[in-house]
Amino acid sequence: MYQPSLAELDVAAAIVYRAMPATPQYSWPQLNQALGAEAWVKHENHTPLGAFKTRGGLVYMERLRDRLPELRGVLAATRGNHGQSVAFAAQRHGLQAKIFVPFGNSVEKNAAMRALGAQLTEVGDDFQACREHAARVAETEGLHMVPSWHADLVAGVASGYLELFRAQSDLDVLLVPIGQGSGICAAIAARNALGVKTRIVGVVSSHAPTYQLSFRAGRAVPAPVTTKVADGLACRQPDEGSLAAIFEYVDDVLAVTDDEVAHAMRLYYRATHNLAEGAGAAALAAALQHKDSALIKGRKVGLPLTGGNVDADLFRHILQGP
């Protein structure tokens, strides 16, 4: 299976840095206290779009334009952050972006995509149905559909993990949320390219367990989606492109409930005063779930806060919890 070299990842990172600076990683005392570990939070909520996906779209779109200079527009299916990334990068290249989201999608993520110039359409009861509809539109209208997983997306996202590993090369374990897999594949690529020994563990929603079931079975296993909090993890069907790397390089895949995610969102806010969306808090939720185990206790732990794009009404409700 292809793994990019460090030189290749640094070339992709240079594309990213033309649009944004590196994001910080901090070790927050109250989180360390709660976990009984030395945790390092990678603040991808500090990108221009408030999520790690920003990086992948920038690299994908630049390379797409190089391959197809006559291209006029692109299309994507999303729950929000991927669509923002596509719209942001398309706007930088003067391209039209058509974005499809499922019914009931985040109101504020939809507004963010429209503000970036995207033409937004709601369709389908979940992400998979939405993606299948978008693929049919792309074929009918002859548009380029930006996938949820692609090597260029991974290369862009890997820039964030290069930053983290270069700053903290002795992490014992890195917990990475899995939506369609670009994030965890980027973590794998950066770790392997730098030659560090950090274990990588995936995190899914218990209410969207397709990647955990697939990891355990060694093959793609679709699963229903019922999460109400972690929309960035709400995938029914795993992406075959990401599964090969996960099977080969990931130590385990953990699952966290909506209640555990909500608790982690509250802890992030109270301990760091950073907003975390559901998927963004999933790694912390998994660390809390396993804080008394050898995986976390006394260890040096990497926690990507992958995004902070949570609707105000939902976050208000979550903050009212215990």
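The values are calculated or read from the model by the stated rules, or taken from the named source; none is laboratory data. What you are looking at is a predicted structure, and each value in this text was computed from that prediction instead of being measured. Glycine gets a Cβ as well: all are built from the backbone with ideal geometry, and neighbour counts include every protein chain shown. With ligands, DNA and RNA removed, areas are computed over all heavy atoms of the protein, side chains included. Shrake-Rupley method; radii C 1.70, N 1.55, O 1.52, S 1.80 Å.
Observations
- Of the listed residues ARG63, ARG72, ARG191, ARG316, the order by accessible area with a 1.4 Å probe, largest first, is ARG72, ARG316, ARG63, ARG191.
- Diffusion of region 1-122 by Stokes-Einstein, at 37 °C in a medium of 0.692 mPa s and with Rh set to the Kirkwood radius over alpha-carbon pairs, works out to 205 µm²/s.
- The mean of 1/r over all pairs of different alpha-carbon atoms in region 105-214, once inverted, gives a Kirkwood hydrodynamic radius of 16.3 Å.
- Dimensionless Rg over Rh [region 223-314; C-alpha; Kirkwood]: 0.98
- For region 255-300: rounded, prolate or oblate by the Cα gyration tensor [a/c cutoff 1.5]: oblate
- Separation of region 246-322 and region 171-186, taken as the distance between their Cα centroids, equals 13 angstrom.
- Every helix of 4 or more DSSP H residues in the chain counts as -39500 (n - 2.57), and over all residues that averages to -14500 deg cm²/dmol at 222 nm.
- Sites THR121 and HIS93, calculated FRET efficiency, Cβ-Cβ separation with R0 30 Å, nearest 0.05: 0.90
- A quarter of the convex hull surface defined by the alpha-carbon atoms of the chain gives 14.6 nm² as the mean projection.
- Portion, in percent, of the accessible area of region 25-147 that falls on carbon or sulfur, probe 1.4 Å: 50
- Over the Cα atoms of region 173-251, the radius of gyration divided by the Kirkwood radius equals 0.97; this is the Rg/Rh ratio.
- Take the Cβ atoms of ALA7 and GLN320, set R0 to 51 Å, and the FRET efficiency comes out at 0.55.
- Summary value for the chain: 21 percent relative contact order, contacts being C-alpha pairs under 8 angstrom separated by 6+ residues.
- Pairs from LYS109/LYS197; LYS109/LYS300; LYS98/LYS291; LYS98/LYS228; LYS98/LYS300; LYS42/LYS228 whose Cα-Cα separation, in the structure shown, is over 31 Å: LYS109/LYS197; LYS109/LYS300; LYS98/LYS291; LYS98/LYS300
- Fraction of accessible area attributable to carbon and sulfur, region 193-267 (%, probe 1.4 Å): 50
- With both labels modelled 7 Å from their Cα along Cα-to-Cβ, the SER293 to GLU248 distance reads 2.5 nm.
- Cα gyration tensor shape of region 217-268, rounded if a/c is under 1.5, else prolate or oblate by comparing a/b with b/c: prolate
- Phi angles of region 160-166 translate, via the Karplus equation with coefficients 6.51, -1.76, 1.60 and θ = phi - 60°, into HN-Hα couplings of x, 6, 4, 4, 5, 5, 5 Hz per residue; Gly and Pro are given as x.
- Gyration tensor (alpha-carbon) shape descriptor, region 283-322, a/c threshold 1.5: oblate
- Estimated inter-spin distance, ARG270 and GLU70, nm [label 7 Å along Cα→Cβ]: 6.0
- All aspartates and glutamates inside 13 Å of LYS53 as judged from Cα atoms, apart from same-chain residues fewer than 8 positions distant: GLU44, ASP152
- Residue-normalised accessible area of region 177-279, given per residue in Å² at a 1.4 Å probe: 35
- Taken along the Cα-to-beta-carbon direction at a fixed 7 Å, the label points for LYS228 and ASN32 span 3.7 nm.
- Span per principal axis, largest first, for the Cα atoms of region 75-145 (Å): 30, 29, 14
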